[in-house]
Amino acid sequence: MIDPPLTETGHLAASSGLSAADFDIVYVSPTLRTLETAAALPGINRVPVLVSPVFGPRIFPERSSSWRSPLACFHATLPCDWLMPQQKIKALFPSFELPFYSRWYWEEGWLNHAPAFHYTELLQSWMNRHSNDAKVLVVTHDGTIQAVRQRLQRQTLSREHFLKDGGVLSLVNK
């Protein structure tokens, strides 16, 4: 499906889970289901919410054959993992901020298949901006969570390490 919405179970889990007010900033992936998850969090109107393609869907583990060129990924990414256009995000979630990223990052599926070294560079740049004691909440996807965990925990993970649906993971950037 293109832009599958959050299920009723997902809405209930988000609205009864973490409070966004316990964080300094919230980052969210630009897909409908993650945007709806963030919007349903208690206290979401009390913190800045930034929509970032850096936390969009990411294939995990990376398949070296899946990245052939920046254009090849458009035919390999599932429609449920296409990023929502910025104009649609602004219309549906007007209080969420859309910081500038190159248009390549907004193209559907490009970061989903980007080589690990490129994704690691992007993630490192993002972490450098948040190296203070800020409490950051990231609403994202299972493959993306694994890629971030590998980077922060400096260990090799597999699909067996995925969280359960609606799972929460606390990481410390050292």
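The values are calculated or read from the model by the stated rules, or taken from the named source; none is laboratory data. In this text, all values refer to a predicted model and were calculated from it rather than measured experimentally. All Cβ positions, even for glycine, are placed from backbone atoms using ideal geometry, and neighbour counts span all protein chains on display. When the accessible area is computed, the model is the full protein with side chains, heavy atoms only, and any ligands, DNA or RNA have been set aside. Shrake-Rupley method; radii C 1.70, N 1.55, O 1.52, S 1.80 Å.
Within the range 41-51, is even one residue part of a helix (DSSP H, G or I), within 14 Å of SER29 (Cβ to Cβ) and at pLDDT 90 or above?
no
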Suppose we keep only residues that are open to solvent by less than 60 Å² (accessible area, probe 1.4 Å) and part of a loop (DSSP other than H, G, I, E, B) within the range 83-102. Which one would you say is farthest from ALA38 (Cα to Cα)?
SER102
Could you tell me whether the range 119-132 includes any residue that is buried (at least 20 other Cβ atoms within 10 Å of the Cβ), in contact with a Cys (Cβ under 7 Å, 6 or more places away or on another chain), farther than 20 Å from ALA20 by Cα and not small (Gly, Ala, Ser)?
no
Could you tell me whether the range 16-30 includes any residue that is over 17 Å from the mean Cα position of the chain (by Cα), farther than 26 Å from LEU123 by Cα and surrounded by 15 or more Cβ atoms within 10 Å (Cβ to Cβ)?
no
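Within the range 69-76, does at least one residue satisfy the condition of being in contact with a helix residue (DSSP H, G or I) (Cβ under 9 Å, 6 or more places away or on another chain), modelled with pLDDT of 90 or more and within 18 Å of TRP104 (Cα to Cα)?
Here is the first cut: in the range 69-76, the ones in contact with a helix residue (DSSP H, G or I) (Cβ under 9 Å, 6 or more places away or on another chain) are 70-74, 76.
Among the residues that remain, those that are also modelled with pLDDT of 90 or more are: none.
There is no residue in the range 69-76 that is in contact with a helix residue (DSSP H, G or I) (Cβ under 9 Å, 6 or more places away or on another chain), modelled with pLDDT of 90 or more and within 18 Å of TRP104 (Cα to Cα).
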Residue check for THR120: modelled with pLDDT of 75 or more, in contact with a helix residue (DSSP H, G or I) (Cβ under 8 Å, 6 or more places away or on another chain) and either part of a loop (DSSP other than H, G, I, E, B) or charged (D, E, K, R) (or both)
no
